[in-house]
Amino acid sequence: MIIGTATVTESAIYVKLSQKYAELYSHDKNQQQEEVLTQKQDYIDITSSKYEKNDYERVLEKFKSMDSNTRSHEQAHASLANTTTPIQYNYQMGPDGKMYATGGHVRLDTSMPDDPKAASVKLDQIKRSATANGDMSSADGSIAIGANLMKMRLQLEEDNSQQV
């Protein structure tokens, strides 16, 4: 009989704990939303009081331009080779309180097929994707160099196997 009441008591404790966790989660969620609204209001206050209209517009245009360039840069990479994940963007809040893409990356499928000719074609794709834009980042350059080195290694292995 004592075991039955212990189980009921434990169940009641778990129910109360679950309710408290739900209350804390709800409180935390509301507090985070209030912080976001406060940050947004701070940006609006800054733009309306401390800065001239021309400065605000200039900075806003810079954010919009950076967002556009970043998105087209990463989409160019993704369009020229197989990817393993969607494009990931890094965001920064602009002076208008909106989020703008300021950087990003895309994971290319770098698994190599067993067939040397298929591997060579895939390496060409990866290199083309890495060098798709005129302004390569250091990561883009590293990927292109790696693809070149792998292709040279494949060609060397193929030459060695033909000589034997």
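We did not get these values from a lab; they are worked out from the coordinates using the rules stated. Quantities reported herein were computed from a predicted structural model and do not represent experimental measurements. Cβ atoms come from the backbone with ideal geometry, glycine included; neighbour counts cover every protein chain shown.
Cross-link partners for K16 among the lysines, with Cα-Cα distance under 29 Å and sequence neighbours closer than 8 places in the same chain left out: K29.
Projecting the Cα atoms of A132, N160, M112 onto the charge dipole of the stretch 101-164 (Cβ charges, centred on the Cα centre) puts A132 farthest toward the positive pole. Applying 1/(1 + (r/R0)^6) with r as the Cβ-Cβ distance of M99 and N148 and R0 = 35 angstrom yields a FRET efficiency of 0.45. Using the Cβ-Cβ distance between D115 and L156 with R0 set to 22 Å, the FRET efficiency works out to roughly 0.85. For the stretch 2-163, the relative contact order is 17 percent, taking Cα pairs closer than 8 Å that sit 6 or more residues apart in sequence and dividing their mean separation by the residue count. In this structure, the amide hydrogen of G103, modeled 1.01 Å from its nitrogen in the peptide plane, lies closer than 5 angstrom to those of N90, counting only residues at least 5 positions away or on a different chain. Near D109, the amide H atoms lying under 5 Å from its own belong to N82, T83, T84; only residues 5 or more places off or on other chains count, and H is placed 1.01 Å from N.
Site pair S26 and L60 shows an inter-label distance of 3.8 nm when each label is modelled 7 Å from Cα along Cα→Cβ.
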